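Accompanying notes for the structure given below.
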Amino acid sequence: MKHIAIGENHLYSKAYAKGSKFIGKSVIVYALKDYKAKKLMLANPQKQFINRIGLTVSKKLGHATVRNRIKRILREGLRQVETVNNIQKGYLIVLVARQGCIYAKSTDIAVEIEKAFKVLKLINL
C-alpha cells in the first residue's frame, strides 16, 4: 500500500515537539500518535489504520538530485522494514536524513529504521 504523506507543516512541528525520537547515524525518526487516525481509517477502503509518513532532507545535504536520491532510499528502507515486520498503525512518522545518509545503501537505512522502530516500540513482536 502506498504511504500517505504528511502534508501540513504543523504536523511536522507536532511530531518534532511532542513525538518520541530516535537519533541514529544516518537518520532521525520521530513518532507521534495520530489524532486523526480514526477518521482516516473510516475513509480507507480496507478499513484499517494507516501511518502517515513524512520525509525531511535538508539542502545542506546536497542539490536536488542528491536530496531526491536520499528520499528514494528512505522510502525503500521503510518499505523493507514494513514487509518484514508488523508495524503498529495510526502514527505520524517523520524520517529526517542526516549526513551519513548520503552514501548509505537502502539496506543500511532499513537496519537503522528497524532499530529505531524497536526502540520507539512501533514493532509488534
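Laboratory data are not the source of any read-out in this text; all were calculated from the coordinates shown. All values reported here derive from a predicted model rather than from experimental measurement. Methodologically, a virtual Cβ is constructed for each residue, glycine included, from the backbone with ideal geometry; neighbour enumeration extends over all protein chains shown.
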Projected label distance in nm at Lys47 and Glu76, using a 7 Å step from Cα toward the beta-carbon: 3.8
Additional length obtainable on full extension of the chain from Ser20 to Gln88, 0.36 nm per residue less Cα span: 23.0 nm
Angle between the chain longest axis and helix 9-18 axis [Cα atoms, degrees, rounded to 10]: 90
Sequence-distant residues sharing a close amide H with Val27 (under 5 Å, placed H): Arg98
At R0 = 22 Å, FRET efficiency that the Cβ-Cβ distance of Asn9 and Val119 yields, to 0.05: 0.25
Neighbour-count ranking [beta-carbon atoms within 10 angstrom, fewest first] of Phe117, Phe22, Phe49: Phe49, Phe22, Phe117
Full-stretch length increase - Arg69, Tyr35 - with 0.36 nm per residue and alpha-carbon distance subtracted: 9.1 nm
Per-residue Cβ neighbour rank within 10 angstrom, fewest leading, Ile102, Ile109, Ile4: Ile4, Ile102, Ile109
Subset of Lys14/Lys36; Lys33/Lys118; Lys25/Lys89; Lys33/Lys89; Lys25/Lys59; Lys59/Lys121 violating a 20 Å alpha-carbon distance limit: Lys25/Lys89; Lys59/Lys121
